[in-house]
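The values are calculated or read from the model by the stated rules, or taken from the named source; none is laboratory data. Worth saying up front: this structure is predicted, and the values here are computed from it rather than measured. Methodologically, a virtual Cβ is constructed for each residue, glycine included, from the backbone with ideal geometry; neighbour enumeration extends over all protein chains shown. Side chains included, ligands, DNA and RNA excluded: accessible areas come from the protein's heavy atoms. Shrake-Rupley method; radii C 1.70, N 1.55, O 1.52, S 1.80 Å.
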Amino acid sequence: GYDTGLDGTGDGALDSLSKKVGQFRAAGHEGVAEYVTTDTDEAIRRMRAAAADPKNERFGRYVPEQFLRDTHAAVSRTFPQAVDAGLFDRATLWDTATTPPTKVMSATGSKISIHDQAAWDRFLAKGK
C-alpha cells in the first residue's frame with residue numbers, strides 16, 4: 001500500500017478536519033496524525049529568521065504575526081477535540097523546542113497517554 005500525507009496547519013474546525021480524515025478512511029487509509037508544536041513566540045522568531053536568511057528555503061516568506069498566533073491557538077483547540085472524538089486511529093504531538101523533539105502525548109483512538117505534562121499544559125494554554 002501507499003502512505004499518503006496531508007500537510008497543513010490543522011487550524012480548521014473539527015468538522016472540516018473530520019471530513020478530510022473521512023476521505024482518507026473511505027479510500028482505505030488509516031488515520032494517523034503527527035502534530036508538532038513549539039512556543040508561539042519561538043515560532044515567530046523562527047519564521048522571522050527563516051524569512052530573513054537568503055540561504056533558507058523560506059527566504060522572503062513572512063507570515064503576519066497575528067495570523068501565526070491565531071493558527072497556534074486554533075490548533076491547540078482543534079487537535080485535542082479531534083483526539084477526544086477518536087478521529088484518528090493514532091495521534092502524536094511533538095514539541096520541537098528540544099532536539100530531538102520531545103513526545104508530548106500520544107493516543108490510540110481516544111485513549112490518551114501524556115508523556116510530558118508541562119508541555120501538554122503549555123500546548124493547551126495556547127488555545128485559551
- Search segment 1-56 for residues being touching a strand residue (DSSP E or B) at 6+ places or on another chain (Cβ under 8 Å) and of a type in the set (Asp, Glu), and hand back the single one that is modelled with the lowest pLDDT. Glu30
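Restrict the check to segment 6-17 and report whether at least one residue is over 21 Å from Gln81 (Cβ atoms), free of Cβ contacts under 8 Å to residues at least 12 places away in the same chain, open to solvent by less than 90 Å² (accessible area, probe 1.4 Å) and among the polar types (S, T, N, Q). Outline the logic, then answer.
Filtering segment 6-17 for residues over 21 Å from Gln81 (Cβ atoms) gives none.
No, there is no match, as no residue in segment 6-17 is over 21 Å from Gln81 (Cβ atoms), free of Cβ contacts under 8 Å to residues at least 12 places away in the same chain, open to solvent by less than 90 Å² (accessible area, probe 1.4 Å) and among the polar types (S, T, N, Q).
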- Task: Inspect all residues belonging to segment 100-108 and state whether any of them is touching a residue at least 40 places away in the same chain (Cβ under 8 Å) and either in contact with a Lys or Arg (Cβ under 6 Å, 6 or more places away or on another chain) or farther than 19 Å from Glu30 by Cβ (or both).
- Result: yes
- Message: Out of the residues in segment 29-86 meeting the condition of being within 21 Å of Leu17 (Cβ to Cβ) and basic (Lys, Arg), tell me which one is most open to solvent (accessible area, probe 1.4 Å).
- Response: Arg77
- When segment 93-124 is checked residue by residue, the ones that are part of a helix (DSSP H, G or I) and open to solvent by less than 60 Å² (accessible area, probe 1.4 Å) are Ala118, Ala119, Trp120, Phe123, Leu124
